[in-house]
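The numbers here are math on the coordinates, done by the rules we state, and not lab data. Nothing here was measured: the structure is a model prediction, and the numbers come from that model.
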Amino acid sequence: IPSLSIYPNPAHDFVVATIHSETAKQISFFDMHGRSVLSVATQDALSSDAFSIDVSNLPRGIYFVRFDGIGEVKKLVLQ
């Protein structure tokens, strides 16, 4: 069963994504208006399951994080 998590939440500069799926190829961050603001390829990370993502360039606010290939969306708060 594919699973995912993203923490800490709320976050400041970095988040850690944990993915248990062979199909997830990309993590996408969307703002409240549905605009893509950050995408990260996961090919190299799948061997370790967990990896850090720098979100320090994103403004504070609420984002939605989609793990492509899993179909689940997580809410992330940046402070």
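So between V40 and K25, what do we pick up on full extension, going 0.36 nm a residue minus the alpha carbon distance?
This chain segment gains 4.5 nm when fully extended.
Please work out how much length the chain gains when fully extended from D54 to Q79, using 0.36 nm per residue of separation minus the C-alpha to C-alpha distance, in nm with one decimal.
Here the segment from D54 to Q79 would lengthen by 7.6 nm.
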